[in-house]
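Heads up, the thing below is written out as structure tokens.
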Amino acid sequence: MLKTYLKQIAETSKRGDAREESYYPVLKDLFEEYCSSIGKKKSHVTVLPKKTEAGNPDFRIWDGKQHITGYIEAKDPSVENLDRIEDTEQLKRYLHTFPNLILTNFLEFRLYRNGQMTDKVLIGRPVILNKLKITPSVEKEAELLQLFEKFFSFSIPKVYNAKTLAIELAKRTRFLKDEVISQELREEEETGKGFIQGFYAAFKEYLISSLTEDEFSDLYAQTITYGLFAARTRSENGFNRKLAYDNIPQTIGILRDVFQFVSLGSLPQQMEWIIDDISEILSVTDINKILHEYFHEGKGKDPIIHFYETFLTEYDPKTRQMRGVYYTPEPVVSYIVRSLHIILKEQFDKPNGFADKNVTVLDPAAGTLTFLAETAKLAVMSLFPSMEREAERTLLKTIS
């Protein structure tokens, strides 16, 4: 298998006009043959068309069961020193985002787990290929097969707590924003084609007229990740990107519009890969345990809302501070809102409290909108006296 592989690498090199991507089919064949030899015939090797140095790694391996095995980043065989590649910002981003990654120049293979190199194998001498222009002899076959075995044995560990989930989602969302959506926007601007520009225009028209491209990339990336999270909490029998749309509530129109494209549309492959990766993290998460913990920690009846604070702390703490996304326990929110409701009626001559047409509620640091939601609920209740009397009895009991 390796003799054939090195022979094909040498033949490609001899053509004289070979570029990095000229070697991709040879490497793809090697991995497919290896998968077949170990009984993983359903494994799928996908090559990402080379566009720019940004975006995703060059190869993605699926295990044939809708789970991602890992990624491969390839460099031209003329790049003999992979130490230099390790120091690039591109590879640092990959190592931070993808927990199972191979870096190769088609002769040397380096395996990284959670950003740390665990194995390094050189199967052929670069000088023989690049200078003598002949096929290198196979070296360290057993070590390479051991490296491949480690790579293919990887599976994403199950996530059991909110903090760990927030960290994993945050680093992939940053990658989606910086390396994928921003790049796709630029490319669509140049070609005048694509769906992302359409969403950008719609967000500007219907949500925030002053939205910049960078702000949109951030907003869109967060919307996708948190939409996947919300869909996962409603999913009972398996979860992936394509199943997400069916689990988005009918009442959230804009989110369904986004996921009609994400789940059912023809995504740019760069986006598809990283969104699949986010979906994979969520699919192995014990989501019920996390939501159960949130509820029993007193974080309210809708822990999905309050997880956003945990997520934003990891994703972008500055934005969290700017938007006022800080958790306030629901009993505290209820007490403050009901107290103001009574004050409005008794001291400001507003018999309907928050429901009075001359009362405006402003929350300058709204966060997850818990205060405004409670205010709106109480305003509705004030129009039905029996409901309000029961609420006031609850408030008095709380005070006493």
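Here the calculated FRET efficiency for His67 and Glu21, from their Cβ-Cβ distance with R0 = 25 Å, stands at 0.40, rounded to the nearest 0.05. Spin-label model, Ala142 to Lys14: label points 7 Å out along the Cα-to-beta-carbon direction sit 3.2 nm apart.
Our summary gives region 1-74 a relative contact order of 20 percent, counting only alpha carbon pairs under 8 angstrom and 6 or more residues apart.
Length gain on complete extension for the stretch Lys92 to Thr164, per 0.36 nm per residue less the alpha carbon to alpha carbon distance?
Details: separation 72, 0.36 × 72 = 25.92 nm, distance 2.05 nm.
Taking Lys92 through Thr164 to full extension adds about 23.9 nm, to one decimal.
Amide H to amide H, with H built 1.01 Å from N, Val159 comes under 5 Å of Thr285, Asp286, counting only residues 5 or more places away or on other chains. When Lys and Arg each count +1 and Asp and Glu each count -1, what net charge do the other residues less than 9 Å away from Leu103, Cβ to Cβ, add up to? My count for the surroundings of Leu103 gives -1.
Among the chymotrypsin sites (Phe, Trp or Tyr not before Pro) found in region 154-238, not one is both in a DSSP coil and sparsely packed, with 10 or fewer other Cβ atoms within 10 Å of its Cβ.
Roughly to the nearest percent, how much of the accessible area of the chain is carbon and sulfur, given a 1.4 Å probe? Display every interim value, and only then the final one.
Numbers: 10640 of 20350 Å².
C and S fraction of accessible area: 52 percent.
Relative contact order for region 1-143 using alpha-carbon pairs under 8 Å, separation at least 6, rounded to a whole percent? Don't skip to the end; give the middle numbers.
Working: 224 pairs, mean separation 29.6, N = 143.
RCO, region 1-143: 21 percent.
Between Ala202 and Lys377, the FRET efficiency from the beta-carbon distance, with R0 = 25 Å, is close to 0.25.
How much FRET efficiency would the formula 1/(1 + (r/R0)^6) give for Lys131 and Val47, where r is the Cβ-Cβ distance and R0 is 22 Å, rounded to 0.05? Could you put the intermediate results ahead of the total?
On the way: r = 28 Å, r/R0 = 1.28.
Once rounded, the FRET efficiency stands at 0.20.
When the square roots of the Cα gyration tensor eigenvalues are ordered a ≥ b ≥ c, the ratio a/c for region 117-195 is 1.5 or more and a/b does not exceed b/c, which makes its shape oblate. Residues in region 277-286 carry Karplus couplings, in order, of 5, 5, 4, 5, 4, 5, 5, 9, 8, 7 Hz; the curve used is 6.51 cos²θ - 1.76 cosθ + 1.60 with θ = phi - 60°, and Gly or Pro positions show x. For the residues Trp273, Trp62, a 1.4 Å probe over the protein chains yields an accessible-area ranking, largest first, of Trp62, Trp273.
For the chain, adding -39500 (n - 2.57) for each run of n ≥ 4 DSSP H residues and dividing by the number of residues yields -17000 deg cm²/dmol at 222 nm.
Name the shape class, rounded, prolate or oblate, that the alpha-carbon gyration tensor gives for the chain, where a ≥ b ≥ c are the square roots of its eigenvalues, rounded holds for a/c under 1.5, and otherwise prolate holds if a/b is larger than b/c and oblate otherwise.
Values: a/c = 3.16, a/b = 2.48, b/c = 1.27.
Taking the square roots of the gyration eigenvalues as a ≥ b ≥ c, the chain is prolate.
Split the chain at each of the GluC sites (Glu not before Pro) in a DSSP loop with at most 13 other beta carbon atoms within 10 Å, and the longest piece is 54-235.
Lys and Arg at +1, Asp and Glu at -1: add these up for the other residues within a Cβ distance under 14 Å of Asp83 and post the number. Around Asp83, the surrounding residues sum to +1.
For region 81-219, what class follows from the C-alpha gyration tensor (a ≥ b ≥ c being the square roots of its eigenvalues): rounded when a/c is under 1.5, otherwise prolate if a/b is larger than b/c, else oblate?
Details: a/c = 3.54, a/b = 1.79, b/c = 1.97.
Note, shape of region 81-219 comes out oblate.
Of the trypsin sites (Lys or Arg not before Pro) found in region 339-380, those in coil by DSSP whose Cβ has at most 13 other Cβ atoms within 10 Å are Lys357.
Once the 1.4 Å probe is applied to the protein heavy atoms, the chain comes out at 51 Å² accessible per residue. In percent, rounded to a whole number, the relative contact order of the chain is 11, using alpha-carbon pairs under 8 Å and six or more apart.
The values are calculated or read from the model by the stated rules, or taken from the named source; none is laboratory data. Owing to the predicted nature of the structure, the values given are computational and were not obtained by experimental measurement. Using ideal geometry, Cβ is built from the backbone for each residue, glycine included, and neighbour counts are taken over all protein chains shown. Heavy atoms of the whole protein, side chains included, go into the accessibility calculation; ligands, DNA and RNA do not. Shrake-Rupley method; radii C 1.70, N 1.55, O 1.52, S 1.80 Å.
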